[in-house]
Amino acid sequence: MTWAITFFNDKVEAETLALPPGILANFLRVAELIEEFGPDLGRPHTAPLSQGLFEIRAKGREGISRSVFCTVKNQEIVILITVVKKGNTIPKRHMDTARKRMKEVQANDK
């Protein structure tokens, strides 16, 4: 059974698809792997963060991006935010946004 990848909203989808070409190509490759094998690919492709959040780790010549996602019923993952990394960690404000969005997704999934 394959997994589905959706986005929290159109803005998140647009931000993700607007990644620099090299990073976007790597993101799309990882997304295909997730659709086929599920989100638990492990490093360097995916990694757990905390409290039910995980990240897609995409890398290209232009830099590194992280797409934070959560899983919901029926083998679906929802991408909550996508950021181009500038430091070693995802900024707290982005993580707060991802946690808030995950709560919304889970509330709507019931």
Residue 74: passes all of (1) open to solvent by less than 80 Å² (accessible area, probe 1.4 Å); (2) within 25 Å of residue 103 (Cβ to Cβ); (3) polar (S, T, N, Q) but (1)
Within region 1-53, the residues that are touching a strand residue (DSSP E or B) at 6+ places or on another chain (Cβ under 8 Å), of a type in the set (D, E, K, R), outside any loop (DSSP other than H, G, I, E, B) and under 22 Å from residue 95 (Cα atoms) are 13, 15
Answer from 52, 22 - the residue that is open to solvent by less than 60 Å² (accessible area, probe 1.4 Å) and more than 14 Å from the chain's Cα centre (by Cα): 22
Given the residues 57, 61, 43, which is the only one that is touching a residue at least 12 places away in the same chain (Cβ under 8 Å), open to solvent by 60 Å² or more (accessible area, probe 1.4 Å) and in contact with a Lys or Arg (Cβ under 9 Å, 6 or more places away or on another chain)? 43
So residue 28, is it free of Cβ contacts under 8 Å to residues at least 12 places away in the same chain, open to solvent by 50 Å² or more (accessible area, probe 1.4 Å) and not polar (S, T, N, Q): yes
Check residue 87 against each of (1) in contact (Cβ under 8 Å) with a residue 24 or more places away in the chain; (2) at negative phi; (3) open to solvent by less than 60 Å² (accessible area, probe 1.4 Å) and name the one condition it does not meet. (1)
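Looking at the structure I just gave you, is residue 105 closer than 21 Å to residue 21 by Cα and either free of Cβ contacts under 8 Å to residues at least 24 places away in the same chain or open to solvent by less than 70 Å² (accessible area, probe 1.4 Å) (or both)?
For residue 105, the condition - closer than 21 Å to residue 21 by Cα and either free of Cβ contacts under 8 Å to residues at least 24 places away in the same chain or open to solvent by less than 70 Å² (accessible area, probe 1.4 Å) (or both) - is not met.
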Among (1) open to solvent by 40 Å² or more (accessible area, probe 1.4 Å); (2) under 24 Å from residue 104 (Cα atoms), where does residue 81 come up short? (1)
Filter region 76-103 for residues that are among the small types (Gly, Ala, Ser) and in contact with a strand residue (DSSP E or B) (Cβ under 7 Å, 6 or more places away or on another chain) and give the result. 98
State all residues of region 77-98 that are more than 15 Å from residue 9 (Cα to Cα) and assigned to a helix (DSSP H, G or I); if no residue qualifies, say none. 92, 93, 94, 95, 96
Residue among 46, 71 that alone is under 24 Å from residue 106 (Cα atoms) and at pLDDT 90 or above: 46
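The values are calculated or read from the model by the stated rules, or taken from the named source; none is laboratory data. It should be emphasised that the depicted structure is a prediction, and the values quoted were computed from it without experimental measurement. When we count neighbours, we look across all protein chains shown, and the Cβ atoms used for this are built from the backbone with ideal geometry, even at glycine. Note: areas computed on protein heavy atoms with side chains; ligands, DNA, RNA excluded. Shrake-Rupley method; radii C 1.70, N 1.55, O 1.52, S 1.80 Å.
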